[in-house]
Amino acid sequence: DGCIQFTRHAGDVLLNFNRLRSRNILMDVTIQIDGQRFCAHRAVLVACSGLFYSIFTDPLKSNLSAISLDPTVDPDGFAILLDFMYTSTLTLKDSLVLVTMNTASYLQMEHVVDTCRRFIKSREQS
Amino acid sequence: YEGVNTIKEMGRSIHEIPRQE
């Protein structure tokens, strides 16, 4: 007895989720930040963010289809993190890395916060 | 699944959703 491990399965699944997003298929929540709207899949948000996990596992909020985030959240930072959730690639521009880190902290994405912090420190040292 | 008679399949595992229909 044994098993076959498909080593690229996780990436193939995430790529398909990103294709669903780009074609607006099965999107079940709109995130509003200061007038900007972002459509997404609740399942992906919950899988990647502690904040969304808390929101969508709360029986009183689990069926919300529109969520307004604190207006102090930066939409550009959120857009970078939403792309990260669907691609595993985190865009790091010098001008936005601090905003990205602060938004990741707000979304309770601690590993991304740590990575941004290390990136900032390395840039300061170089 | 590491170790016990594990065969690693490097190829695609599922269908690819097209960019548009």
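FYI, it's all coordinate maths here, none of it is from the lab. The model shown is predicted, which means the values in this text are computed figures rather than measured ones. With ideal geometry, Cβ positions are generated from the backbone for all residues, glycine too; neighbour counts draw on all protein chains shown.
Worth pointing out:
- Looking only at residues in segment A:1-31 that are under 15 Å from the mean Cα position of the chain (by Cα) and under 19 Å from A:Met109 (Cβ atoms), the one that is farthest from the other protein chains (Cβ to nearest Cβ) is A:Ile31.
- Residue pairs whose Cβ atoms lie under 8 Å apart, separated by 6 or more positions or on different chains, with the first residue in segment A:60-87 and farther than 19 Å from A:Ser22 by Cα and the second acidic (Asp, Glu), are A:Pro71/A:Asp34; A:Val73/A:Asp34.
- Residues that are in contact with a Leu (Cβ under 8 Å, 6 or more places away or on another chain) and not in a helix (DSSP H, G or I), drawn from segment A:11-51: A:Leu26, A:Met27, A:Val29, A:Ile31, A:Gln32, A:Ile33, A:Phe38, A:Ala40, A:His41, A:Ser49
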